[in-house]
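Contents: one structure, followed by commentary.
The values are calculated or read from the model by the stated rules, or taken from the named source; none is laboratory data. Because the structure is a prediction, the values reported are computed rather than measured. Every residue, glycine as well, gets a Cβ built from its backbone with ideal geometry; the counts of neighbours run over all protein chains shown.
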Amino acid sequence: MFTMDRRSLILGSAAVVAASALSRGYAQAPTGPYKLDPLPYPTSKNEPSIDAQTMEIHRDRHHAAYVNNLNGVMTQQPDLAKRPLLELLTDLNSVPEAVRTTVRNNGGGHANHTMFWQIMGGAGGEPKGDVKAAIDRDFGGFDKLQDQFNAAGMRVFGSGWVFVTVARDGKLALVTKPNQDTPLMDGQRTLMGNDVWEHAYYLKYQNRRPDYLKAWWNVVNWDKVSERYSAAKAGTLTI
Ligand code: MN
């Protein structure tokens, strides 16, 4: 079973590479069917904070399942496949009720994980430039952001996410969401976020979510976060 999964993923990856020109920057391909973007670094890149096996299972199984489920909806609802994912998530009430929960969970999951892989694979450290200035202004400093973010991540009961949202004027805010919900559903944009589902950390950290939350900062790619911040201010940040 494992071999089959791997083979289908490998076969699928050529199409993903071909499609990557469509999803350059931070805009997703304009319409479905949806694809997993190539991971921009090896699965071992986030070691030791996030182990390679967790990265593999998380992306190749969990994220892939969200993409597959979303594409399953699109085969039943071809009109939905013509609309950008951002639009569907922003206006879930316009999605037919029969598939609304599936789009919410799997479309949200696809958007959240696409963002998540982008902003990891880095060297951690301190934020830079405009993002640092915004963090200082809106949270009172990077240490305070980390404290508030990690505390918020601890308060998520069960599965969910902790996000920093970014408004068009650059203002940052902390938001948590259950399940695969995303601030996009409230018309907001996500600067960065951390996945606090157990599948994101259980192999290495078991029940120790605080240790995971703390270690995750070691792999944040602040250059990517800065790019997302600039895109948000330019109005081009999607998912
Ligand atoms: Mn996840």
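Details
- One residue stands out among those in the stretch 157-174 that are surrounded by fewer than 19 Cβ atoms within 10 Å (Cβ to Cβ) and among the hydrophobic types (A, V, I, L, M, F, W, C): the one that is farthest from the chain's Cα centre (by Cα), which is 157.
- No other residue among 109, 72, 25 is at pLDDT 95 or above and either of a type outside the set (S, T, N, Q) or surrounded by 13 or more Cβ atoms within 10 Å (Cβ to Cβ) (or both) apart from 109.
- Scan of the stretch 85-129 for residues that are in a helix (DSSP H, G or I) and touching a Ser or Thr at 6+ places or on another chain (Cβ under 7 Å), ordered by number: 86, 89, 108, 111, 112, 115, 129
- In the stretch 38-68, the residues that are more than 16 Å from the ligand (Cβ to nearest atom) and either surrounded by fewer than 14 Cβ atoms within 10 Å (Cβ to Cβ) or not hydroxyl-bearing (Ser, Thr, Tyr) (or both): 38, 40, 42, 44, 45, 47, 48
- For the condition away from the ligand (no atom under 12 Å from the Cβ), under 26 Å from residue 134 (Cα atoms) and within 15 Å of the chain's Cα centre (by Cα), residue 213 does not qualify.
- Count of the stretch 153-202 residues, restricted to those that are polar (S, T, N, Q), in a strand (DSSP E or B) and away from the ligand (no atom under 13 Å from the Cβ), is 3.
- Whichever residue in the stretch 216-226 is under 13 Å from the mean Cα position of the chain (by Cα) and assigned to a helix (DSSP H, G or I) and, among such residues, is farthest from residue 178 (Cα to Cα): 224
- Candidates 150, 71, 93, 105 - the one that is within 16 Å of the ligand (Cβ to nearest atom) and either more than 17 Å from the chain's Cα centre (by Cα) or not small (Gly, Ala, Ser) (or both): 105
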